[in-house]
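Q: The structure that follows is given in the form of C-alpha cells.
The numbers here are math on the coordinates, done by the rules we state, and not lab data. Please read these numbers as outputs of a predicted model, since none were measured by experiment. All Cβ positions, glycine included, derive from the backbone under ideal geometry; neighbour counts span all protein chains shown.
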Amino acid sequence: MDNPAETAPPAGSELVQARRPEISPLERAAITLLSMGEEAAAAVMRCLSREELLEVTRVMSGINGIKVDAVQETLQMFFDAYREQSGVHGASRSYLQRSLDLALGSAVANSVLNAIYGDGIGPKMARLQWAQPQWLADRLAREHVRMQAIFLALIKPEQASQVIAALPEAQRQRVMLQIARLKEIDHELLKDLEAVVDSCLENLGNQGAAVEGPRQAAEIINRLPVNRAELIEVLREHDPDATAQIEDRVYSIDLLAYQSDETLAAIVGAVPFERWAVALKGTDPSLREALVRQLPRRQVQAFEDLCRRTGPMPMSRIDQARREIMEQVRDMAEAGEIQLQLFAEEVVE
C-alpha cells in the first residue's frame, strides 16, 4: 500500500495557473499603438485603410485587462521585427521630388513620380472615404458633370456607387456616361479637381450626423402599444415610399430570431427549402440554427447539403429571397396563422 505522504500532491499544486489567452495580431497592433503615444500612433493610423482603421480602433477602445508581461512580449516582438529590417530605406517622395526637379525639371519630375507613387491627389481623396455619400453628392452637385465624373472615377467603386445613388436620378445617367468616356485627365483639370477636394476636406467636419430614419422608425413602431397595422396604413397615406422602407425594416429576416418554436415551425413549413438556402446566406448563425431545429431530423442533412450546393450568391438575389419570405410571414401574421413577435422582449420567470 502506497504511503499517503509520498503520493499526496504538494500543497498548492491544485491551483494550476490558468493558461494565458492567445493575443491576436489585431490586439498586438492595438497594444503597440496604445504604447507609442498619441502623435506617433496618429502618424501610423494615417497610413491605414478605412477598414483597417475601423478594426484597430474598435479593438483599442475595448481593450482591457492586458497583463504587463503580455504588453512586454508584444513590444519585444515589434522591436525584434524592426531590427530584422534593413537600415537602408527607400527615398521619400519629397527627397526624389527635389532631386528630379534639379535633374529633369518639375513637369517631367511630376510625371515620373506620379508613375511611381500615384498622383499626388490620391492621398487627399483617400481621406474623403469618411464622408457621407449624401454629403459628397450635395457638394458635387455644384460642379460641372465632367468634374463630377473625374471625382467619382478616382474614389473607390464602393463609395462612388453610394454617391451616385444619392444624386438626382436624371443626373446619374449623365455622370455614368462621362465616367465611361474618361481616358486621360489633363493637368489643368487635375488642378481644378484638387481645389474641389481641398474644399471638401476643409468642410468635412461640418457634415451632419447620419441617421437611418426608416430603421429607427421601424424600431419605434415595433414597440408601440397600438395597432401597428393601422399606424402603418396612416403613414402610407402621407408618404408611400418612406412607409415601404419602414415595412422592409419592420419585417426584416432578423425578426425571425425573436419567434417562438411554434411560430418558427409554421414559417419553416410554409417556405420552400430552396428559398431558405438563398435567404440565410450571410445571416447570424444563431438564426440558422434556430430554423434548422424546427426541421425533422431526416431533413436536416438534406437542407445542409442544399445550402452547400447553392454556393455564393449575388446580394441582390439574397435580398429578393429574404423579401419574399418576409412578405409570406407578414401575410401569415395578418391572417392569424402565427403570432409574430416584433422585437426581443425581456423574459421574467
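Q: Could you tell me what fraction of 2.2 N^0.38 Å the Cα radius of gyration of the stretch 118-204 comes to, as a two-decimal ratio? If you can, show how the numbers build up before the last one.
A: On the way: Rg = 11.8 Å, N = 87, 2.2 N^0.38 = 12.0 Å.
For the stretch 118-204, the normalised Cα radius of gyration is 0.98.
Q: Please list, in order along the stretch 123-133, the HN-Hα scalar couplings obtained from phi with the Karplus expression 6.51 cos²θ - 1.76 cosθ + 1.60 (θ = phi - 60°), rounded to whole Hz, x for Gly and Pro.
A: x, 5, 5, 4, 5, 7, 5, 8, 7, 6, x
Q: Additional query: What is the local net charge at Val44, summed over the other residues whose Cβ is closer than 13 Å to its Cβ (Lys, Arg +1; Asp, Glu -1)? Numbers along the way, then the final one.
A: Working: positive: Arg46; negative: Glu38, Glu39, Glu52.
Around Val44, the surrounding residues sum to -2.
Q: Going toward the positive end of the dipole of the stretch 141-300, with +1 on Lys and Arg Cβ and -1 on Asp and Glu Cβ, which of Leu201, Val278, Val163 do you reach last?
A: Val278
Q: A further question follows. Could you put His144, His238 in order, starting from the residue whose Cβ has the fewest other Cβ atoms within 10 Å? Can you show the working numbers first?
A: Values: His144 11, His238 8.
The fewest-first ordering by Cβ neighbours comes to His238, His144.
Q: How many angstrom separate the Cα center of the stretch 28-89 from the Cα center of the stretch 147-179?
A: Their Cα centres are 37 Å away from one another.
Q: Based on the Kirkwood radius over alpha-carbon pairs, what is the Stokes-Einstein translational diffusion coefficient of the stretch 251-334 at 10 °C with 1.306 mPa s viscosity, in µm²/s?
A: D = 123 µm²/s.
Q: Next question. Once you have the Kirkwood Rh of the stretch 25-81 from its Cα pairs, apply Stokes-Einstein at 20 °C and 1.002 mPa s and quote D in µm²/s.
A: Numbers: Rh = 11.7 Å.
It comes out at roughly 183 µm²/s.
Q: Can you give me the P(r) profile for the stretch 192-317? Cα pairs, bins 5 angstrom wide beginning at 0, each as a whole percent.
A: Percent of pairs per bin, in order: 2, 8, 14, 14, 12, 12, 11, 10, 7, 4, 4, 2, 1, 0.
Q: Pulled fully out, how much extra length does the chain show between Arg46 and Gln72, if you take 0.36 nm times their separation in residues and subtract their Cα-Cα distance?
A: On the way: separation 26, 0.36 × 26 = 9.36 nm, distance 2.50 nm.
In short, 6.9 nm is gained.
Q: Put a dot 7 Å past each Cα toward the Cβ at Ser35 and Arg236; how far apart are the dots in nm?
A: So the two model labels end up 6.1 nm from each other.
Q: Right, here's the next one. Please work out the FRET efficiency for the pair Gln134 and Leu102, using the Cβ-Cβ distance as r and a Förster radius of 45 Å; give the result to the nearest 0.05.
A: Details: r = 46 Å, r/R0 = 1.03.
Approximately 0.45, to the nearest 0.05.
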